[in-house]
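Right, I'll just put the structure down here and ask away after.
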Amino acid sequence: MKKIIIVYGTRPELIKLVPLIKQMQQTPSINLVLINTGQHREMVIEIEQAFDIIPTINLNIMQHNQSLNDIMVNVAQSIDPILQKEMPDVVLVQGDTSTASTVAVTCFYNKIPVGHIEAGLRSFNINEPYPEEFNRKVISLLANYNFTPTQKATQNLISEGINKSTIFEVGNTIVDMVELIKQRNIEPIVQDEDLILITAHRRENHGEGILNICKAIKALLALHPYIRFIWPLHPNPNVKNVVMNELEGIKNVQLTEPLNYIELTNIFQTCKLVWSDSGGIQEECPSFKKPVFILRNVTERPEVVENGFGKIVGTDINEIVRNTQKVLNNRDEYNSMISGKNPFGNGTTSKQIIDILLNHKGRTFN
């Protein structure tokens, strides 16, 4: 039997880990240990409850107004003795969070093999997204299993000199997750032609970026007063306070508390298009067949753009409004954005990861 530890601390991580966790729990040859660092508390609990996931260990490291250094120090100090006690065959981390990078480094110091799910993403700008680009580069250097989602991600690692024997191109578990969500839908989904979903919270957009997104909403409403926006607000005051000050009480703008994942995906399926600075949202758009306007200057998921589902508009008011108008006014333009092939796989990523971990020796410590 192989002992595998999966560590997560944020909602985006757990969303992509749910299908893998479910399949591992049904695999007799795996002794699975789940560790929740608590980097995000309430938003993670919601996913755990929705999908009946009970962590084996909860580190509860979350503090009010915690800094990146707080997260790093608290995660490392809390998980180190657990890793030394458990001594698993492999520890799996997902994505590019501070939880993922800190756990990976701590494993390396303890000579415990690491598997990195969603490896190889690159924006090629160390400051955008921040600190995620740094985090994922660090994990790649030490991972024994780099599970890449696309050929481009695989090539990124090869170009950086990462040992080819550690790279396994398996697709993205978000496709597995979307399939789980679709299976839960009993009633048919009807698209609301006037609804735009917004998610925005990235650190690099705090301040002027968030303010410009608000101004773009006002500008678009002046041109298309029938359009409606729904914006589930991130609890960070750098986002929430600015948006509330700018948009609260404006007709056709619905500002909500953070939605649970099921509620968000229901709106995702219903809306006409999406504005977002979220990496996970970009990945979900091909599965849900929705155009996304990317509120960032760079994306580490260029496959979304290359396959037509997304366009990078940054937080330039004119770019946001101009591109949104194009798809609102031209059905052919809209259809062209959602007709491409999903670059993130066919929903078998979790199975592939399990097969590799059980059957491939991989690179180990001497």
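I need the full set of residues from the stretch 103-118 which are outside any helix (DSSP H, G or I) and either more than 18 Å from the chain's Cα centre (by Cα) or aromatic (F, W, Y) (or both), in order please.
Answer for the stretch 103-118, where residues must be outside any helix (DSSP H, G or I) and either more than 18 Å from the chain's Cα centre (by Cα) or aromatic (F, W, Y) (or both): N110, K111, I112, P113, V114.
Moving on. Is it the case that V305 is surrounded by fewer than 20 Cβ atoms within 10 Å (Cβ to Cβ) and in a helix (DSSP H, G or I)?
Yes: the conditions hold for V305.
Taking I139 as the residue in question, decide whether it is crowded, with 17+ Cβ neighbours inside 10 Å and over 25 Å from G347 (Cβ atoms).
no
Next question, about the same structure. Just to confirm my filter: which strands (runs of 3 or more DSSP E) fall fully inside the stretch 193-268 and include at least 2 residues that are in the same structural domain as I281 (by TED's automatic domain parsing), under 21 Å from V298 (Cα atoms) and among the β-branched types (V, I, T)?
195-199
I would also like to ask the following. Among L121, L142, which is among the aliphatic types (A, V, I, L, M) and within 17 Å of the chain's Cα centre (by Cα)?
L121
Which numbered condition trips up L357, out of (1) over 26 Å from N163 (Cα atoms); (2) at pLDDT 95 or above?
So L357 meets the others, but not (1).
Return a yes/no flag: does the stretch 318-330 have any residue that is within 30 Å of D89 (Cβ to Cβ) and either in contact with a Pro (Cβ under 8 Å, 6 or more places away or on another chain) or not in a helix (DSSP H, G or I) (or both).
Scanning the stretch 318-330, I find no residue that is within 30 Å of D89 (Cβ to Cβ) and either in contact with a Pro (Cβ under 8 Å, 6 or more places away or on another chain) or not in a helix (DSSP H, G or I) (or both), so the answer is no.
In addition: Could you please find all residues in the stretch 45-60 being among the hydrophobic types (A, V, I, L, M, F, W, C) and touching an Asp or Glu at 6+ places or on another chain (Cβ under 8 Å)?
I54
Follow-up. Does the stretch 180-189 contain any residue that is assigned to a strand (DSSP E or B) and either over 18 Å from the mean Cα position of the chain (by Cα) or surrounded by fewer than 23 Cβ atoms within 10 Å (Cβ to Cβ) (or both)?
No, every residue in the stretch 180-189 fails to be assigned to a strand (DSSP E or B) and either over 18 Å from the mean Cα position of the chain (by Cα) or surrounded by fewer than 23 Cβ atoms within 10 Å (Cβ to Cβ) (or both).
Tell me the residue from E42, E46, E13, E86 that is more than 23 Å from G120 (Cβ to Cβ), modelled with pLDDT of 95 or more and of a type in the set (D, E), please.
After ruling out the rest, the residue left standing is E86.
The values are calculated or read from the model by the stated rules, or taken from the named source; none is laboratory data. These numbers were taken from a predicted model, which means no experiment stands behind them. Positions of Cβ are generated from backbone atoms using ideal geometry, with glycine treated the same way; all protein chains shown enter the neighbour counts.
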